[in-house]
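Have a look at the structure below before the remarks.
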Amino acid sequence: MSLWHVWGFCLLLNLAWFVCFAASQPNPPKIHEGWWAYKEVVQGSFVPVPSFWGLVNSAWNLCSVGKRQSPVNIETSHMIFDPFLTPIKLNTGRRKVGGTMYNTGRHVSLRLDKEHLVNISGGPMTYSHRLEEIRLHFGSEDILGSEHLLNGQAFSGEVQLIHYNHELYTNYTEAAKSPNGLVIVSIFMKIAETSNSFLNRMLNRDTITRITYKNDAYLLNGLNIEEIYPETSSFITYDGSMTIPPCFETATWILMNKPVYLTRMQMHSLRLLSQNQPSQIFLSMSDNVRPVQPLNNRCIRTNINFSMQGKDCPNNRAQKLQYRGKNYFYRWLVWVTFSVSDI
C-alpha cells in the first residue's frame, strides 16, 4: 500500500471520528467557517475538500444535498433563447473606484471601498444588485482553472463579480442566505499576447507581488469597473449557488459571452501566489475551483437569438423559450465567441 493510500485512509478515519464525536455531543462543537479547502494538502491535519464540505458542518449541508448547486457544465445543446432577457446595465456613477486586493489563501479578492458604489441591473434581475467583491479562479495548467465548463472544457481562469441585492437586504451577509440575494457575473479568462486593461492593473508585477502570501493586502485606486467587462451584451444565465461553503442556493449566475485576456506572464504570477503565510511551506493558490455540480433539470437561458423554434422550457412555459433546432451547433459556433474552437 502506497503512502498516499495510507494518508487517505487516515483522513477518512479522522473525518469519521469527528462526525461521530460531534453527533454524540449535546452541544456539537461549532465548525470554524473558514475550515475548508479546494484541494487535499499534506499539512499534518485534516481540512475538508469539496466532497466533504457538506459532511463536516450541518450549516453547510447544501454543499452535499442541494439541487441547485454551482458551478455547472454549460452544454450548448441544452441552452434556450429567452426573448425577455435584456442587456446588463452597469451603473458606476461615471466614477473610477478604489479598493483593497487581498490574498485570502484561496482567492485573489478585490473588495471595493464602501464609498464607491457599483450597481448592475437588467438581464435576469428584478432588482438592482451592488458589487461586493471580485474573485479570481485559475489553474496550475492553461487547460483548467475556470469553475464553469463549456461543453466539458475549462478555460484558464474565471473572474467572478459578486453582487448582492441592496434593495431587499442591508448587506452581503444577509443577502447571501436569502432569496434573490446574489447575482454573480462570470467572465472566462484566456491567455493571449496582451491583457485586459482592468486585469493588467491587478496583475502587473508591481501589484501582484504585494500579495504573495496569505493575508497580504494592497490598496488600488483609479479603477474603471467597466473595463473588466468584455465587449458584448450577450450572456448565459441560470439559477445556482455560491461555490464556497455554505453553498447557499441564492445566486443567479450570468456568464458573459466573451472571455477577457491575460498574458502568460500574468498567469505565471498568479500561480506563484501562496495559500500560506511566509513562515509556512509554499503551496500554490492555483486550482482553486469547486468541481462542477449536477444540473438537475435546471434551464440554461441565453439572450442570443438563434431564431429557432422548439419546445418550451418546463420551468418557463409562459415565456415561450426556444430549444435548439437542427442546425443549432453550427449557429452556436457562428454566434458565440467562446465556442469550443476558441478554447
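Values quoted throughout were computed directly from the atomic coordinates according to the rules given, and no laboratory measurement underlies them. Remember, it's a predicted structure, so these values are computed and weren't measured experimentally. Positions of Cβ are generated from backbone atoms using ideal geometry, with glycine treated the same way; all protein chains shown enter the neighbour counts.
Structure notes:
- Matching residues, the range 187-212, being assigned to a helix (DSSP H, G or I) and of a type outside the set (S, T, Y): F198, L199, N200, R201, M202, L203, R205, D206, I208, R210, I211
- Screening R106 with (1) within 19 Å of R201 (Cβ to Cβ); (2) in contact (Cβ under 8 Å) with a residue 24 or more places away in the chain gives one miss only, at (1).
- Across the range 147-186, the number of residues qualifying as under 20 Å from T302 (Cα atoms) and not in a strand (DSSP E or B) comes to 7.
- Some residue of the range 150-159 being under 13 Å from the mean Cα position of the chain (by Cα) and surrounded by fewer than 22 Cβ atoms within 10 Å (Cβ to Cβ): no
- Filtered by the rule that a residue be buried (at least 23 other Cβ atoms within 10 Å of the Cβ), closer than 16 Å to Y169 by Cα and in contact (Cβ under 8 Å) with a residue 60 or more places away in the chain, the range 123-138 gives a lone residue, L131.
- Residues that are crowded, with 16+ Cβ neighbours inside 10 Å and assigned to a strand (DSSP E or B) within the range 213-231 comprise Y218, L220, L223, listed in sequence order.
Here is a yes/no grid of residues against (1) farther than 20 Å from S274 by Cβ; (2) out of contact with any His (no Cβ under 7 Å at 6 or more places or on another chain):
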residue: Y127; (1), (2): yes, yes
residue: E132; (1), (2): yes, no
residue: L136; (1), (2): no, no
residue: E147; (1), (2): yes, no
residue: N151; (1), (2): yes, yes
residue: G157; (1), (2): no, no
residue: N165; (1), (2): yes, no
residue: L168; (1), (2): yes, yes
residue: E174; (1), (2): yes, yes
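- Looking across the range 38-88, the residues that are without any contact (Cβ under 8 Å) to a residue 40 or more places away in the chain, assigned to a loop (DSSP other than H, G, I, E, B) and crowded, with 19+ Cβ neighbours inside 10 Å come down to F46, P48.
- Filtered residues of the range 89-103 (kept if surrounded by fewer than 18 Cβ atoms within 10 Å (Cβ to Cβ), touching a residue at least 60 places away in the same chain (Cβ under 8 Å) and within 28 Å of I211 (Cα to Cα)): T92, K96, G98, T100
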